[in-house]
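Participant: First the structure, then my questions, so here it is.
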Amino acid sequence: MKLATWNINSVRARTDRLLAVLERHDLDILALQEIKCKPEQFPTSELNAAGYEVVAHGINQWNGVALISRLPLQEIEFSFPQQPGFQKGTPADGAKFIDNGVPEPRALGAKIGDIQIWSLYVPNGRAVNDPHYHYKLEFLHQLNNYANNVLTAHPDQKLALVGDWNVIPTDLDVWDKHAMPEGIYLTDAERAAFFAFAETGLSEVSTKFAQGYTFWDYQKLRFPKNEGLRIDYIYASPALAQNAIAGMIDRAERKGQGASDHVPVIVEFA
């Protein structure tokens, strides 16, 4: 089984590229982020014709996640338990951010075969100590709580948390750590929140098979200079991680006109 994650940065602008990636890598499951459309605007008919089922979760031109699968998509969830929402503005009560109780379309879960999979678009954070930064940390904290609860109740559950994490785990995952404004993506708190999933018992499986960046900004010729970041990851529970046998980063997908600023990250499981 081949599983991939890809921040496509507008699915309607890249439908041809999407279909080509599915065919080129013979993917069984693809998790998308930043689809930037409503479900009714998603190119579902084209994917159905290619043999895939689809579920999309998005609003207008912001955020949005999707799951594409050759196998049936079951037990669909449009947020994980206690997923925070976000409201612009400074809290009046001294809180670090305003949780409006309405989760953004940043998480989409489904049961595919015997795997529980989530496509995740972790909040950017914007700037250190911005309310969105604290929203990001709470998002990761509650996601980890969910994973911990799943594995505590069902230690043999095959669980995959995949997507754009918007965290740079180590200095080797960025071309120049000093180029990040205020150190966003690589603060101690963000890194601790990312590695907390390993403490819960999950393993990041893509780094076992492929090194390199997964994102290059459109500005300042970042891609030709290979000035990138690695912020797209695949975390797997023990029962799933033990079956990982191969993986790659499709760096070539960043080439040419109309490319997303991210590329697919792929892991194959026995």
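Participant: List the equivalent ellipsoid semi-axes of region 198-270 in whole Å, largest first, each obtained as the square root of 5λ for an eigenvalue λ of the Cα gyration tensor.
Facilitator: Those come to 27, 12, 8 Å.
Participant: Which residue, Asn124, Asn100, Asn63, has the most motion in a Gaussian network model of the chain that connects Cα atoms within less than 10 Å?
Facilitator: Looking only at Asn124, Asn100, Asn63, the biggest GNM fluctuation is shown by Asn100.
Participant: If you don't mind, there's one more thing I want to ask. Can you list which of the trypsin sites (Lys or Arg not before Pro) found in region 219-270 are DSSP loop residues with at most 10 other C-beta atoms within 10 Å?
Facilitator: Passing both the DSSP loop test and the Cβ count: Lys225, Lys255.
Participant: Lysine pairs in region 1-160 with Cα distance under 19 Å, only those 8 or more apart or on different chains: how many are there?
Facilitator: Number of lysine pairs found: 6.
Participant: If you take the charge dipole of region 128-184 about its Cα centre, with +1 on Lys and Arg Cβ and -1 on Asp and Glu Cβ, which of Val150, Trp175, Asn129 is farthest toward its positive end?
Facilitator: My answer, from the dipole projection, is Val150.
Participant: Relative to the compact-globule scaling 2.2 N^0.38 Å, provide the ratio for the alpha-carbon radius of gyration of the chain.
Facilitator: So the chain has a normalised radius of gyration of 0.95.
Participant: Hydropathy first: keep DSSP H helices in the chain averaging at least -1.0 on Kyte-Doolittle, then drop any whose Cα extent along the axis falls short of 30 Å, and list what survives.
Facilitator: Membrane-span-like by this criterion, though nothing is claimed about a membrane: 131-153.
Participant: How much length is gained if the chain between Asp176 and Asn124 is pulled fully straight, taking 0.36 nm per residue apart and subtracting their Cα-Cα distance, in nm to one decimal?
Facilitator: Difference between extended and current length: 16.9 nm.
Values in this text are rule-based calculations from the coordinates and carry no lab data. Small disclaimer: the values here were computed from a predicted structure and weren't measured. Cβ coordinates were reconstructed from backbone atoms using ideal geometry, including for glycine residues, and neighbour counts include every protein chain displayed.
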